[in-house]
Each structure stands twice: as C-alpha cells, then as structure tokens.
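> Structure below; questions to follow.
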Protein chains: 2
Amino acid sequence: MTDSQEPLIQIGKLAKQLAITTRTIRYYEEIGLMGPSKRLSGCARSYNQDDVLRLKFILKLKELGISLKEMLDLAESFDTHNQDFDTITPRVLEILDLHIGKVDDKIAKLASLRSVIVNYRSRISELLQSQSTA
Amino acid sequence: MTDSQEPLIQIGKLAKQLAITTRTIRYYEEIGLMGPSKRLSGCARSYNQDDVLRLKFILKLKELGISLKEMLDLAESFDTHNQDFDTITPRVLEILDLHIGKVDDKIAKLASLRSVIVNYRSRISELLQSQSTA
DNA sequence: CATATGCCTTCCCTTTACGTAAACTTACTC
DNA sequence: GAGTAAGTTTACGTAAAGGGAAGGCATATG
Ligand SMILES: [Zn+2]
Ligand SMILES: [Zn+2]
Ligand SMILES: [Zn+2]
Ligand SMILES: [Zn+2]
C-alpha cells in the first residue's frame, strides 16, 4: 500500500514515538532485523509506514520474550507488505507455542523455588523459636 | 559435625560428582560464593562435607533461576555449619522474605506474559483461519 | 556568523557465567 | 627419569542487547 508518495519519518522522531533510542533502531538495522534503510539527501535514515509496522512488530515480539536472533529466523514474516499468511504465520505460531512452553517451565521452576525458600525459612524460624524458649 | 577427621575430596572429583567443571567451582570461589578453600600440601584445593553441601545448595538455587549475584546477598545463609542463630537468622529471615516477594513478582509477571502470548497467538491463528476459508 | 539541533559513523564499554588456552608444579607409575 | 594425570594461576574470549562518547556533516535560526 505504502509505496510511492507516503509520509517519511526520521530516526529521532520514530524512536521517540516508540519510546526507544535511535541506537536501538540502528542496532536492529546493523544485525539485519530492519533491512537497509532508505536515506535522505544528507544521508539521514528515513522510514515509511511499512518500516514502522515492521519495527512495531519487532518490539511486540521482544516484549513477548523472543530474542532478536530468533526473530532473524522469522525474518520473512516481518514483511508486513507480504500478505501471504498461509505460508508465513504457521511458523510464527510454532515459535509462539515454543515460548508458551518455555514460560510454563519458568513458572513451574519459580513455584518450586518459592516452596524451597519457604521451607528453608520455616526451618530457620523454628530453630529461632526453640532457641528463645530454651 | 564435620570438623576434624572427615573425608576430604579434591576439585576434579567434586566437579565430576556434581556434573560441573572445575572452572565453575573455582569461579564460585573467585566471586566469593564458596569461600577460600583449604589447600592440601601441594596447594590443591580440598573440600569437606560442609563445602559439598554448600555447593550443592548453590547449584540447587541456580537451577531454580537465582543469579549468582543474588546468592551473594544470601551468602551468610549458606553456612550450613554456623549455629549462632540468635544473631544470624533474623537477618536471614529478612532476606528470605525479600526473596519470596521477588519470586512472587516474577511469577506474576510470567503469568501475565503468558496470557499476552496466548492472546497474540489466537489473534494470528484467527487470521490464518479466515484466510484459508476465504 | 555563531550556535544549536539532529544526524552520521566508528569504536570501546557493560553484564553474566563461565570456556579456553598458556605456562608451571606436584604426584604417581613404569 | 620420562610420561601421564591432576592440580595451580593469569588472563583473554564469548554471547546479548544495546549504552555512550568522539569527531564530523547538514540545516535552521537569531
Ligand atoms: Zn506498502
Ligand atoms: Zn526463545
Ligand atoms: Zn561440620
Ligand atoms: Zn531473588
């Protein structure tokens, strides 16, 4: 959709808009997550609506705990201009499922940790009791 | 209990026993998690039963996701031999309570993260459905 | 013109939990 | 006495995700 005469935005504004730093945006480009950005006359990076959507998608996945490296595996699915959902989203679903599993594992481990700490706490507490009453 | 004539074990054997590397054990000593180890004649590190228990406890907590830095906060509570509970345990209880709180926070955050991922997943899944039926 | 932004690139810094030599002792064994 | 195995210290390397500073263009404005 956003191909020829669309509004272009510069890196500083984009960063502020998404509450990240310009360094982060350049870094994503550096590792190939954002693709080489088009430059204005003075070499300044410019972003169109597709780019913004892509970056928003990256941030969304990051928020969900997906690593940048994992996103690189998914690189094709970041093309918001491509509407071929049949081939693209199944992989995203796979990765999301994998992450749900990981999160479940972490929750289980933390719950177990909690009971370990609580047990330890009560053992010490008991010792303290018997000490003060002796 | 394990004070004078107890079996001493060397670093290589201990590492193999716990399925870690000697580097890991030395590293824990280096950052102060394990305390300076007693040496044999030839400067070789030796470990008694208390040391082994301490290391096992460290590995247990690590397995549960506690960072080495966090363990350093809990350092005093690792002394399985110290019986001076009057002065020590109140502080330990404080620290443990604090960590129980932290763990609860982490659990809550992960639970919320999980639902976010699940929601996102189902939105994508729906897109896929409507695509294939169209 | 001078100053102030905003952008550019390059490069080193940071944290965590070790891995991996390099160079050397000590001990056991043939 | 040479070899092998296990120990020692010192010290540089690694991944992840950027942070932050140095030094240099370009533009806007008083
Ligand atoms: Zn477009
Ligand atoms: Zn992952
Ligand atoms: Zn003892
Ligand atoms: Zn904690």
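The values are calculated or read from the model by the stated rules, or taken from the named source; none is laboratory data. Only a predicted model underlies this, so the values are computations on that prediction, with no experimental measurement involved. We place every Cβ from the backbone using ideal geometry, glycine too, and count neighbours over all the protein chains shown.
Conditions (1) in contact with a Ser or Thr (Cβ under 9 Å, 6 or more places away or on another chain); (2) in a loop (DSSP other than H, G, I, E, B); (3) not assigned by TED's automatic domain parsing to the domain that holds residue A:95, marked per residue:
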position	(1), (2), (3)
A:6	no, yes, yes
A:12	yes, no, yes
A:24	no, no, yes
A:43	no, yes, yes
A:46	yes, no, yes
A:51	yes, no, yes
A:54	yes, no, yes
A:57	yes, no, yes
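> So, in region A:38-56, exactly how many residues are under 17 Å from residue A:68 (Cβ atoms) and in contact with a helix residue (DSSP H, G or I) (Cβ under 6 Å, 6 or more places away or on another chain)?
The total comes to 1.
> Could you list, in sequence order, all residues of region B:1-51 that are among the β-branched types (Val, Ile, Thr) and touching a strand residue (DSSP E or B) at 6+ places or on another chain (Cβ under 7 Å)?
B:9, B:11
> If you don't mind, there's one more thing I want to ask. Would you check if residue B:48 is modelled with pLDDT under 80 and within 16 Å of ligand 3 (Cβ to nearest atom)?
Criteria not met by residue B:48.
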